[in-house]
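For reference, the structure discussed in these notes is given below.
The values are calculated or read from the model by the stated rules, or taken from the named source; none is laboratory data. Just so we're clear, the structure is a prediction, and the values are computed from it rather than from any experiment. Cβ: placed from backbone, ideal geometry, glycine included. Neighbour counts: every protein chain shown.
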Amino acid sequence: MSRKRPPANNLEEMPGAVCKIQPNIIDKHAQKANPMATVRDIVHKHVEAALAEAAAQNHSPDTVARVLFDEVIKLYRIDRTAADIASELMAAAENLDADEGIAFMRP
């Protein structure tokens with residue numbers, strides 16, 4: 001007896017959703033060829049799952065982002081100073097516009 005997979009949640013249909021999440025972005029065949037996943041691959045997989053689970057319970061991507069942000073701050077506080085964390089956040093804030101060059105780059 002085969003079980004059907006439930007349809008993936010489409011976040012672009014959610015009110016207030018600002019991002020489009022494509023399910024199964026990580027190529028599972030590529031992971032088999034290279035069993036050493038990058039940290040980005042690992043985190044992406046879990047963020048994708050968290051967004052899907054939250055969407056199934058009618059939570060917005062913004063709410064998920066806020067909770068993830070809280071968790072990031074907790075991780076930073078393990079071995080970073082408040083000034084270092086603030087510097088990291090300021091650098092990220094200064095480079096939010098993808099169309100502009102990164103602030104430390106020369107023209």
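Quick notes on this one:
- Filter result for the condition that a residue is at pLDDT below 95, surrounded by 10 or more Cβ atoms within 10 Å (Cβ to Cβ) and of a type in the set (A, V, I, L, M), over Ala49, Ala91: Ala91
- Listed by first and then second residue, the pairs with beta-carbon distance under 8 Å, at least 6 apart or on different chains, first residue in the stretch 44-72 and closer than 18 Å to Leu89 by Cβ, second outside any loop (DSSP other than H, G, I, E, B), are Leu68/Val47; Leu68/Ala50.
- Any chance Ala54 is surrounded by 10 or more Cβ atoms within 10 Å (Cβ to Cβ), at pLDDT below 95 and part of a helix (DSSP H, G or I): no
- For Arg3, the conditions (1) among the basic types (Lys, Arg); (2) surrounded by 10 or more Cβ atoms within 10 Å (Cβ to Cβ); (3) at pLDDT below 95 are fulfilled apart from (2).
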